[in-house]
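The values are calculated or read from the model by the stated rules, or taken from the named source; none is laboratory data. No experiment lies behind these values; they were computed from the predicted model shown. Counting neighbours? That spans all protein chains shown, and the Cβs are built from the backbone with ideal geometry, glycine included. The protein model used for the area step is the full one, side chains on, heavy atoms only, and it has no ligands, DNA or RNA in it. Shrake-Rupley method; radii C 1.70, N 1.55, O 1.52, S 1.80 Å.
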Amino acid sequence: MRGRTRTLRCRTVARLVQAYLDGELHDRRGVLIADHLDRCRDCGLDAQTWLWLKSTVAGLQTPDESEQLERLRAFVEDLTQA
């Protein structure tokens with residue numbers, strides 16, 4: 001099979017795409033997955049969706065707890081002074 005490039009099936013890519021997108025595959029599988037995502041429209045769209053979801057979730061911010069604590073302290077102080 002010399003000269004033939006190995007390809008992955010969609011099922012295999014679906015199982016490994018999260019690890020690939022997280023940068024966890026530094027071996028030949030990462031190269032094969034990247035090649036598959038470039039050639040397979042369905043898998044490529046799935047990967048783009050996962051990337052969008054990851055960036056959206058990463059952009060969600062939790063409230064700054066120190067700000068909440070300050071507001072709570074000020075509220076308690078106002079109550080005790082009244």
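Sorted by accessible area (1.4 Å probe), largest first, how do Cys40, Cys10 line up?
Cys10, Cys40
Per residue, what accessible area does the chain have, given a 1.4 Å probe and all protein chains present, in Å²?
Here the residues of the chain average 88 Å² of exposed surface.
Heavy atoms only, probe 1.4 Å: what % of the accessible area of the chain goes to carbon and sulfur, would you let me know?
On the chain, the fraction of accessible area on carbon and sulfur atoms equals 53 percent.
Counting only Cα, what are the radius of gyration and maximum Cα-Cα distance Dmax of the chain, in Å?
23.7, 85
When the solvent-accessible surface of protein heavy atoms is calculated with a 1.4 angstrom probe, in what order do Arg39, Arg11 fall, highest first?
So, going from the largest accessible area down, we get Arg11, Arg39.
Count charges around Gly30 for me, please; just the other residues with Cβ under 12 Å from its Cβ, Lys/Arg as +1, Asp/Glu as -1.
-2
Check the chain for me: any Cys whose beta-carbon has no other cysteine beta-carbon within less than 4.7 Å?
Those would be Cys10, since no other cysteine Cβ in the chain comes under 4.7 Å of theirs.
Which FRET efficiency value, to the nearest 0.05, do you get for Trp50 and Arg9 by plugging their Cβ-Cβ distance into 1/(1 + (r/R0)^6) with R0 = 22 Å?
0.75
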